[in-house]
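Take a look at the structure set out below.
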Amino acid sequence: MRYRRLLRHLAILLAILPATLGCTSSGVGEPTVAPSPVIAADTRVVADGRVVPLRWAALSSSTGGRVVEIAVEEGQRVSAGDLLLRVDDGPQRMALAEAEAALAGARAQLAQLRAGATSEEVAGAEAALAAANAAAQAAEGAAATARANLSRLQTGATAEEREIALRGIELAKNALWAAQGQRDAVCGATQGGAPGSCDAAKGAVQQAEEQVRIAEVQLRQVEQGASAQEIAAAQGQVRQAEGQLEAARADATRAEAALAQLRAGATPEAIAAAKAQVAQAEAAVERAALMVARCALEAPFDGGVVAVDARLGEEIGPGVPALQLADTSAWRVETDDLTELDVVRVAAGQRVTVIADALPDVALEGTVTSIAETSEVRAGEVLYQVTIDLPDPDPRLRWGMTVAVTFEE
């Protein structure tokens, strides 16, 4: 691309060369060198460049997905906001529906807090408190019974209990004596007595003797007290009853607090928290709606569709160019070989002459609009890009045509 500049300088040298080598004869044939005309060297900055549209963009889907619609074709003119391409937005719409449902729930919760409890809710809370108090009272009775049983087992039998056991033995012995007397009377009668009656009397004596033994065992149990296993079992029953009592009291406390809250209404802190949840849900809906909108690729500016790289039904990744759009209502030139030695002689607003390689007989006027702040290093050279506006372009110009740019001094 720099050969054009070298050829231009070579043409200048060839124009100067004949004048410097020209000669005339004077006198006897001695050559006399004619004075050379003074020709000023062309010191203007020259650069190569390419024709580009006023604006262009390689457009891509930010979400990616399966292409379900291509609304344009190459060469078609579009306006800003026109639909170009759409990818499947099913997952995004599901996420939007979920976000909208969450928002509706948050708003309902806020409205309920602001409205306060209904009479039915208060009545229900009162009934729940009454049931919880009744359960706590029952648990208290069960715990008291378990403690009393444990205490009785641990302290042993009372004097009254021992007296009852002694009287039980006496009653059993009296019954035995009566049975023995009856036996003796029946069995010692005349031989004409019925044998069956004697056997029954003997059986009554045996039964009375067994009752005496049982009464004696009960007395020993009363005097010995409860066993270690019985005391351990009673202790377990006390622990269980006390645990149930603690849980019942906690339930009653919660029921009382819930009733008090319903009667008092929502606190400012609760309403503020509900408002924050609504705001969070609204933000989630906006994000979900934005993701749905991003499934539709729209034209960012007026222009023409230069290329359509996507195909219907194929999967495209996020950020992968799917279409190219260009605004060719005006043309610009971007230089690609302006060195650091030349860029210092270029300024914004400077007039230039542009000649396209494809149109060598057409000289276009332009103006420098911007100079790159940073450089690009290619093949060891430090280069700066300069952008040039062409106010009156030739209609035959096309994107990418190479041009020669001469910066006027």
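The values are calculated or read from the model by the stated rules, or taken from the named source; none is laboratory data. For clarity, every value in this text was computed on a predicted model and none was experimentally measured. Glycine also receives a Cβ, built like all others from the backbone with ideal geometry; neighbour counts cover every protein chain displayed. We work out accessible area using only protein heavy atoms, side chains counted, and drop any ligands, DNA or RNA first. Shrake-Rupley method; radii C 1.70, N 1.55, O 1.52, S 1.80 Å.
Being of a type in the set (A, V, I, L, M, F, W, C) and touching a residue at least 60 places away in the same chain (Cβ under 8 Å) is the filter here; which residues of the stretch 379-402 pass it?
Answer for the stretch 379-402, where residues must be of a type in the set (A, V, I, L, M, F, W, C) and touching a residue at least 60 places away in the same chain (Cβ under 8 Å): 386, 388, 390, 397, 399, 401.
Regarding residue 112, is this residue surrounded by fewer than 17 Cβ atoms within 10 Å (Cβ to Cβ) and either modelled with pLDDT of 90 or more or part of a helix (DSSP H, G or I) (or both)?
Yes: the conditions hold for residue 112.
Of the residues 370, 329, which single one is at pLDDT below 95 and under 30 Å from residue 62 (Cβ atoms)?
329
I need a count of the residues in the stretch 333-351 that are open to solvent by 40 Å² or more (accessible area, probe 1.4 Å), hydrophobic (A, V, I, L, M, F, W, C) and part of a loop (DSSP other than H, G, I, E, B).
Adding up the residues that qualify gives 3.
Output the number of the condition that residue 178 fails; it satisfies all remaining conditions of (1) modelled with pLDDT of 85 or more; (2) open to solvent by 70 Å² or more (accessible area, probe 1.4 Å).
Here residue 178 meets the rest and fails (2).
Does the stretch 388-409 hold any residues that are among the hydroxyl-bearing types (Ser, Thr, Tyr) and surrounded by 18 or more Cβ atoms within 10 Å (Cβ to Cβ), and which are they?
Correct list: 406 only.
Could you tell me which of the residues 307, 330, 296, 288 is touching a residue at least 60 places away in the same chain (Cβ under 8 Å) and crowded, with 18+ Cβ neighbours inside 10 Å?
288
For the stretch 125-144, give me the residue count where each residue is small (Gly, Ala, Ser) and open to solvent by 40 Å² or more (accessible area, probe 1.4 Å).
Adding up the residues that qualify gives 9.
Looking only at the stretch 56-94, how many residues end up being assigned to a strand (DSSP E or B) and either surrounded by 16 or more Cβ atoms within 10 Å (Cβ to Cβ) or free of Cβ contacts under 8 Å to residues at least 12 places away in the same chain (or both)?
Looking only at that region, the number is 12.
Kindly indicate whether any position in the stretch 352-369 is open to solvent by less than 40 Å² (accessible area, probe 1.4 Å) and in contact with a Lys or Arg (Cβ under 7 Å, 6 or more places away or on another chain).
Yes - at least one qualifying residue is present in the stretch 352-369.
When the residues of the stretch 225-273 are filtered to those that are assigned to a helix (DSSP H, G or I) and among the polar types (S, T, N, Q), which remaining residue is most open to solvent (accessible area, probe 1.4 Å)?
Out of the qualifying residues, it is 229.
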